Structures are given as structure tokens and as C-alpha cells.
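Any read-out appearing in this document is the output of simple, stated calculations on the displayed coordinates, not a laboratory observation. Given the structure is predicted, the values throughout are model-derived calculations rather than measurements. Here the Cβ is made from the backbone with ideal geometry for all residues, glycine too, and neighbour counts use every protein chain on show.
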């Protein structure tokens, strides 16, 4: 089982990627896009089938990240090394 801290390591912020929005593993996948897909009734399986570069843990990381934001916690994100 992956820990919450390991999930958060999947969320990165880099000013040179997607205008500094929180993204998945330094890729051009903003967290908000994952929520757009989930809110349009796509399942995790649908997302993973359509986007094989993503992993289930990436989507779980987005959910955990949002949960922490909603609870008012300060979140340390990681910038990917170039």
C-alpha cells in the first residue's frame, strides 16, 4: 500500500510546466484535469485506459492532494529536476 507522503510526491509544481499549476509527476497533467474527467463521470479505469501514461496512484494522489487542500492543510509539493 502506498503511503500518503508517497502519493504527494507524485504532485509537482514547476513554474515552467502548465504555468505552475499542480501536476502529476512533472508531466503536463494538471490535477484539475483529472478532476474534470472524474466529474464528467469517467471512472478511474476509463481514465487509465484512455491515458496509459497515467497510473492509478496518480489519480489517488490527486484525490489526496484535494482532500488536504479542503482541510486547510499546508502542502509541500516537489519540483521535478530538469
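Of note:
- Segments 14-26, 40-52 sorted - mean Cβ within 10 Å per residue, highest first: 14-26, 40-52
- Extension gain from residue 44 to residue 16, taking 0.36 nm per residue of separation minus the Cα-Cα distance: 7.3 nm
- Kirkwood hydrodynamic radius of the range 6-50, from the reciprocal of the average inverse Cα-Cα distance over all distinct pairs: 11.1 Å.
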